[in-house]
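Worksheet for the structure shown next.
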Amino acid sequence: MYQRVTRDIAVTVEPSFLDEQSHPEKGQFAWAYHIRIENRGMETVQLLTRHWRITDGRGEIHEVEGDGVVGEQPVLGPGGRFEYTSGTPLATPTGFMVGSYGMETEAGELFRVEIPAFSLDSPYQKAAIN
């Protein structure tokens, strides 16, 4: 698991390889990632936007931006939590993702919450010693 805390908002990510949805012989690899967002602060916040930077094993970058997550823009009061699962395909057996959420306080202040970088590793990737 990977975790990062920004301004009392903790984001925890747990990626998993989806063997049943992957086709290595066709260069298709799939991952799911489960995310938990916890408000450890004293103010209510709302998740408005997301931004992802997905890098495959060849260094090719794909960026994704949009409103909310999984069709929702959750409001998190103090001690609140929101969890969801999503996924991403890659054309290589390894890669990584990193991103951020655009949040807003009840007072209308906008700020970014960092999503920790996390590795996407499949059993089809050969181990390398650097």
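Considering 43, 104, 63, which residue is of a type outside the set (A, V, I, L, M, F, W, C), farther than 19 Å from residue 1 by Cβ, more than 13 Å from the chain's Cα centre (by Cα) and assigned to a strand (DSSP E or B)?
So the residue among 43, 104, 63 that is of a type outside the set (A, V, I, L, M, F, W, C), farther than 19 Å from residue 1 by Cβ, more than 13 Å from the chain's Cα centre (by Cα) and assigned to a strand (DSSP E or B) is 104.
Based on what the data block shows, is residue 53 part of a strand (DSSP E or B), under 23 Å from residue 125 (Cα atoms) and basic (Lys, Arg)?
yes
Taking the residues in the stretch 5-24 that are closer than 17 Å to residue 45 by Cα and of a type outside the set (Val, Ile, Thr) as candidates, determine which candidate is nearest to the chain's Cα centre (by Cα).
Of everything passing the filter in the stretch 5-24, 10 is nearest to the chain's Cα centre (by Cα).
Any residue in the stretch 79-87 that is more than 18 Å from the chain's Cα centre (by Cα), of a type in the set (Gly, Ala, Ser) and at pLDDT 95 or above?
Looking for residues that are more than 18 Å from the chain's Cα centre (by Cα), of a type in the set (Gly, Ala, Ser) and at pLDDT 95 or above, one finds at least one in the stretch 79-87, hence yes.
Just to check your reading of the model, which residue among 123, 116 is assigned to a strand (DSSP E or B) and touching a residue at least 60 places away in the same chain (Cβ under 8 Å)?
Just a single option satisfies the conditions, and that option is 116.
Looking for something surrounded by fewer than 14 Cβ atoms within 10 Å (Cβ to Cβ) and farther than 20 Å from residue 106 by Cβ - is there at least one such residue anywhere in the stretch 40-49?
Checked against the condition, which is being surrounded by fewer than 14 Cβ atoms within 10 Å (Cβ to Cβ) and farther than 20 Å from residue 106 by Cβ, the stretch 40-49 yields no hits at all.
Being under 15 Å from residue 11 (Cβ atoms) and either assigned to a strand (DSSP E or B) or without any contact (Cβ under 8 Å) to a residue 12 or more places away in the chain (or both) is the filter here; which residues of the stretch 66-77 pass it?
69, 76, listed by residue number.
What pairs come out if I take residues in the stretch 78-89 that are among the charged types (D, E, K, R) and pair them with residues that are in a strand (DSSP E or B) whose C-beta lies under 8 Å away, six or more apart or interchain?
As it stands, the answer is 81/36; 81/37; 81/38; 81/39; 83/34; 83/35; 83/36; 83/37, since those pairs meet every condition given.
Being in contact (Cβ under 8 Å) with a residue 40 or more places away in the chain, over 14 Å from residue 123 (Cβ atoms) and either of a type in the set (Gly, Ala, Ser) or outside any strand (DSSP E or B) (or both) is the filter here, so list the residues in the stretch 22-37 that pass it.
27, 32, listed by residue number.
Answer yes or no as to whether residue 13 is touching a His at 6+ places or on another chain (Cβ under 9 Å), crowded, with 18+ Cβ neighbours inside 10 Å and either without any contact (Cβ under 8 Å) to a residue 60 or more places away in the chain or within 17 Å of residue 69 (Cβ to Cβ) (or both).
yes
Which one of these does residue 30 not meet: (1) out of contact with any helix residue (DSSP H, G or I) (no Cβ under 8 Å at 6 or more places or on another chain); (2) crowded, with 16+ Cβ neighbours inside 10 Å?
(1)
The values are calculated or read from the model by the stated rules, or taken from the named source; none is laboratory data. Computed from a predicted model, the values in this text were never measured in an experiment. Quick reminder, even Gly has a Cβ in these numbers, built from the backbone with ideal geometry, and neighbours come from all protein chains shown.
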